[in-house]
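Beneath this line is the structure, given in structure tokens, with notes to follow.
Where a number appears in this text, it was derived from the coordinates with a stated rule and is not lab data. Here the structure is a predicted model, which means the values were calculated and not measured. Heads up, the Cβs are rebuilt from the backbone with ideal geometry, glycines too, and the neighbour counts pull from every protein chain shown.
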Amino acid sequence: MEIKGKKIFITGGAGFVGSHTADKLLEMDCSVTVYDNLKTGQSDIFLKDAKTNKDFKMVEGDILDLDKLKSEMDGHDFVFHLSANADVRGGLDNTRIDLEQNTIGTWNVLEAMKINNVKGIAFSSTSAMYGEPDKFPTPENYNPTQTSLYGASKLAGEAMIQAFCEGFGIKSWIFRFVSLIGERYTHGVIFDFIKKLHSDPKELEILGDGEQKKSYLYIGDCVNAMVFAIQNADEKVNTFNLGNVEYMNVKDVANIIIEEMKLSDVKFKFTGGEKGWIGDAPFVQLAVDRIQSLGWKPEVSIEDGIRKTAQYLLQNKELLDRR
Ligand SMILES: NC(=O)c1ccc[n+]([C@@H]2O[C@H](COP(=O)([O-])OP(=O)(O)OC[C@H]3O[C@@H](n4cnc5c(N)ncnc54)[C@H](O)[C@@H]3O)[C@@H](O)[C@H]2O)c1
């Protein structure tokens with residue numbers, strides 16, 4: 001589907017992924033409405049440039065407010081649905097939050113699209129929906145068992161999207177991201193390690209045994225992949241893993257961060273076990289042949305992406321205090 005020059009509605013557009021998506025779409029001469037409740041979004045910093053563009057509009061609103069969502073979506077051609085409760089670990093403390101924010105929230109977005117006759121949606125799903133797979137790299141057609149409420153809520157969101165596509169002539173692009181890194185990153189292992197090292201530069205607590213292996217993807221590569229897939233794949237439902245085929249273990253991530261912070265003699269303290277928390281996957285490596293066969297490939301290596309992320313956070317220390 002061609003989205004160049006179109007009117008695009010981005011839920012969660014003040015967040016890490018959403019604000020980069022907004023910048024990219026503005027570069028493509030789209031007009032962009034960000035719809036965000038600013039729960040974790042940082043519109044003052046992340047949308048500073050976007051706000052100077054005449055084709056940009058920011059609406060403070062919640063996707064759970066269906067009336068407002070419907071009226072604000074009026075007149076748009078395409079939706080990037082990127083808002084979510086993106087805290088994977090919190091699901092066991094509050095078992096409603098993923099259901100409400102990620103599953104019912106996605107249903108609300110689809111209802112608003114139906115009413116407003118919007119015919120295309122991109123959705124941010126996750127590698128967490130694969131649970132703990134036994135096939136690596138894990139392909140899109142793997143039949144997963146859920147290990148987190150977050151993963152389950154995203155899989156339910158995907159299913160809801162598929163059903164709306166069938167029922168209402170909508171087309172969808174569902175993206176299952178590995179951990180994303182880069183400028184404006186505000187949650188995840190690099191964020192946690194830098195915070196911990198700021199409070200104690202001599203000892204770093206690492207959840208699990210430090211051997212967990214994860215794939216990461218640089219945010220610029222992620223946003224380019226989403227736009228590329230929307231413009232080059234045209235099924236009713238287009239589902240893509242987005243990641244690097246490479247991966248890195250958590251101890252190596254920690255060592256890169258320590259180097260970037262110019263620290264030495266940091267002692268690691270492992271909490272033990274092969275997982276960091278219940279629902280954590282000890283190994284994440286997604287098969288990316290499907291997106292690569294269209295002609296996309298990542299440009300930033302995992303190591304460079306981690307260095308860029310650490311440098312960004314060290315230069316924008318106020319973000320470390322905001323979350
Ligand atoms: N960052 C990653 O590594 C990663 C990996 C896999 C999937 N994802 C998914 O990508 C999407 C974006 O994640 P992110 O890293 O940018 O997170 P983020 O927290 O930076 O962004 C989420 C945005 O959604 C907004 N939001 C939350 N609840 C809302 C609501 N009810 N109504 C309106 N706005 C709301 C927040 O204020 C924030 O701006 C999420 O759907 C997340 O689940 C992210």
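With K and R counted +1 and D and E -1, the other residues having a Cβ less than 12 Å from that of Ser301 yield a net charge of -2.
Backbone N atoms of the range 141-176 closer than 16 Å to the 7 Å Cα→Cβ label point of Lys24 belong to residues 173-176. Applying 0.36 nm per residue to the separation of Ile97 and Val245 and subtracting their alpha-carbon distance, the gain on full extension is 50.1 nm. Quick check on the range 39-89: what does the Kirkwood estimate of hydrodynamic radius come out to from the alpha carbon pairs, in Å? Hydrodynamic radius (Kirkwood, Cα only) of the range 39-89 equals 13.0 Å.
Applying the Karplus relation 6.51 cos²θ - 1.76 cosθ + 1.60 with θ = phi - 60° to the range 18-32 yields 3J(HN,Hα) values of x, 6, 5, 5, 4, 4, 5, 5, 5, 4, 8, 6, 7, 9, 10 Hz, where x marks Gly and Pro. Between the helical axis of 105-116 and the longest alpha-carbon principal axis of the chain there is an angle of about 20 degrees. Could you list, in their original order, any pairs among Lys7/Lys48; Lys48/Lys196; Lys54/Lys236 whose Cα atoms are separated by more than 26 Å? As for pairs spanning more than 26 Å Cα to Cα, those are Lys48/Lys196; Lys54/Lys236. One way to sum up the overall shape of the range 177-323 is the equivalent ellipsoid from its Cα gyration tensor, whose semi-axes run 30, 17, 12 Å, largest first.
Among beta bridges from DSSP that stay inside the chain, the antiparallel ones total about 5%.
For the chain, a crude dipole built from +1 on the beta carbon of Lys and Arg and -1 on the beta carbon of Asp and Glu, taken about the Cα centre, is about 240 debye to the nearest 20. Approximating the spin labels as points 7 Å out from Cα along Cα→Cβ, the Phe136-to-Lys39 distance works out to 3.2 nm.
Once the gyration tensor of the Cα atoms in the chain is diagonalised, the equivalent ellipsoid follows with semi-axes of 31, 22, 19 Å, ordered largest first.
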